[in-house]
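Q: Can you read through this structure? Questions will come right after.
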Amino acid sequence: MASVGGKADRRLRAVNAAAQPTSPQAPLPLARLLNHTADAVQAVRAGQSLNVALARCPAAARAGTQALSFHVLRWLGSAQGLRAQLAPKAPPPKVDALLLTALALLWPGAQAPYAEHTLVDQAVEAARQRAKASAAFVNAVLRRFLRERDALVATALRDPVARYNHPAWWIERIRLDWPDNWQALLDADNQRAPMTLRVNARRTDAPAYVARLAAHGIDAQAIGSHGVILARPCPVTQLPGFAQGEVSVQDANAQRAAPLLLGFGARAGAAAPAWRLARGARVLDACAAPGGKTAHLLELADLDLLALDRDPSRLVRVHETLARLGLAARTLAADAATPAAWWDGRQFAAILLDAPCSAAGIVRRHPDVRWLRRRTDIDALSAAQAGLLDSLWPLLAPGGRLLYCTCSVFKAEGQQQIDAFLQRQPGAGLVASPPSPGHLLPLPDNDMQPAGHESGPAADGFFYALIEKT
């Protein structure tokens, strides 16, 4: 997905999850980590992706800064509500970012990683390094918060932005789309997402890989034949066989795409689907970078697959992913929305459209997304999704299937998008067997595991529609 919080950033969630330590501690003074974190928060508030901000952070401080930044961005609405009370006139951005960082880390119930007085002392030291004249101001604000915490928090919680830690427009859209569980969805965005793996079906299966992880002291749970959930995130360099292509990082709901498109989507114990993609079938992955779903398709079947992406630099990631896994596909740098510029006229038996979207379903992994998106982005993204659907539909052979998916929980990018497409295309119909999953919410009490998988921690928010050309 293009732009921050979109597909390119979304695929970095694997790196984020792997690098994120279970504790933000690092062999650096806390004051320095607070300053690096404040730099990242300041960049996000100015409209930059957290990934871009972290790339500027010194390597030795990056893991600790990332962990603290994730924490702060999950509780930024609360911190902003407190700062508005404690300092109604906003200080300069450098100082404001540090104050917000400290207040988010002090917010009660947010699993603060440091003792409060240690945090205040180190924040004041960070202020001396950041803007020396502001140290006394930062000290006074934070110590007042400690003295008056209960009253200040109670007042802040009257504001929905502070209560739910999302922009007001986002809260309203979720409330309208999901009136029965909107609060649970917003609260779920502030939880840590599990680190989930997909084992290479050509090399091994989930139970065998879980046993191998156990031999390396890594606790994990198998979900179905090829999914594995780690009890705790770890760097991919610690995963046995990762460099050799035995396993990849991919959320459980992202693992639905390949089986659905191939015709493997029936639940365990259900009758086999009547439709199954043939060996060597011609398949298009229309927005492929960096290649996770591309690779999964090729792990499960021998296909004549074209991986398309408009950005040549992102196709490098596809090549790297496939090379690590020992797979091959044709790749092409081109815009899926303009087939006249690249299509050879031969129709595809199946098309995967992992469309650009708001990334509203993966906020747990990208806590900056909620603060970067704007209300108008959803209309623009919805229009782009509709354009891709209409442009790619003629490329699908009669009897073929197109799988449309987004990592969003907004209905404008999911069910409403597909309802409108079906109205425009009378020759299109949703597949009933296996059924199109529709919206998958990132809540533990929803049926969200890939086909045939056992229950596990809540997976990411996704939308899937499997559409057949009749």
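Nothing in this text is a laboratory measurement; each read-out follows from the coordinates by a stated rule. Just so you know, these numbers come straight off a predicted model, no measurement behind them. As a convention, Cβ positions derive from the backbone with ideal geometry for all residues, glycine included, and neighbour counts pool all protein chains shown.
Q: Around HIS439, which amide H atoms from residues at least 5 apart in sequence, or from another chain, sit under 5 Å from its own amide H, with H modelled in the peptide plane?
A: TYR464
Q: Subtracting the Cα-Cα distance from 0.36 nm times the residue separation, let me have the gained length for LEU28 to ALA211 in nm, one decimal.
A: 62.3 nm
Q: Also: With every atom except the alpha carbons ignored, what do you get for Rg and Dmax of the chain, in angstroms?
A: Gyration radius and largest Cα-Cα distance of the chain: 23.1, 72 Å.
Q: Please compute one quarter of the surface area of the Cα convex hull for segment 313-470 and express it in square nanometres. Numbers along the way, then the final one.
A: Working: hull surface 44.5 nm².
Result: a mean projected hull area of 11.1 nm².
Q: Could I ask something else about it? Just to check I understand the Karplus step: with θ = phi - 60° and J = 6.51 cos²θ - 1.76 cosθ + 1.60, what whole-Hz values come out for segment 102-108, glycine and proline as x?
A: 5, 5, 5, 6, 9, 4, x
Q: In deg cm²/dmol, rounded to 500, what helix-only [θ] at 222 nm does the chain give when every DSSP H run of at least 4 residues adds -39500 (n - 2.57) and the total is split over its residues?
A: Taken over the chain, the calculation gives -13000 deg cm²/dmol.
Q: For TYR209, TYR464, which order do you get if you count the other beta carbons within 10 Å of each Cβ and list the fewest first? Walk me through the numbers on the way to the answer.
A: On the way: TYR209 25, TYR464 22.
Taking fewest neighbouring Cβ atoms as first place, the list is TYR464, TYR209.
Q: What is the order of HIS439, HIS319, fewest Cβ neighbours within 10 Å to most? Walk me through the intermediate numbers first.
A: Details: HIS439 21, HIS319 16.
If I rank by nearby Cβ atoms, fewest first, I get HIS319, HIS439.
Q: Please arrange LYS89, LYS132, LYS469 by how many other C-beta atoms lie within 10 Å of their C-beta, fewest to most.
A: With the fewest neighbours first, LYS89, LYS132, LYS469 line up as LYS89, LYS132, LYS469.
Q: If you bin every alpha carbon distance in segment 374-416 into 10 Å steps from zero, what whole percent lands in each bin?
A: 24, 50, 22, 4
Q: Please list, in order along segment 159-170, the HN-Hα scalar couplings obtained from phi with the Karplus expression 6.51 cos²θ - 1.76 cosθ + 1.60 (θ = phi - 60°), rounded to whole Hz, x for Gly and Pro.
A: Per residue, the Karplus-derived 3J(HN,Hα) values read 8, x, 5, 6, 5, 9, 6, 9, x, 4, 5, 5 Hz.
Q: While we're here: So how do 423-429, 118-124 stack up, highest first, on mean other-Cβ count within 10 Å?
A: So the order, starting with the most tightly packed, is 118-124, 423-429.
Q: Check which residues have an amide H placed less than 5 Å from ALA359's amide H, if you skip close sequence neighbours.
A: It is CYS407, by chain and number.
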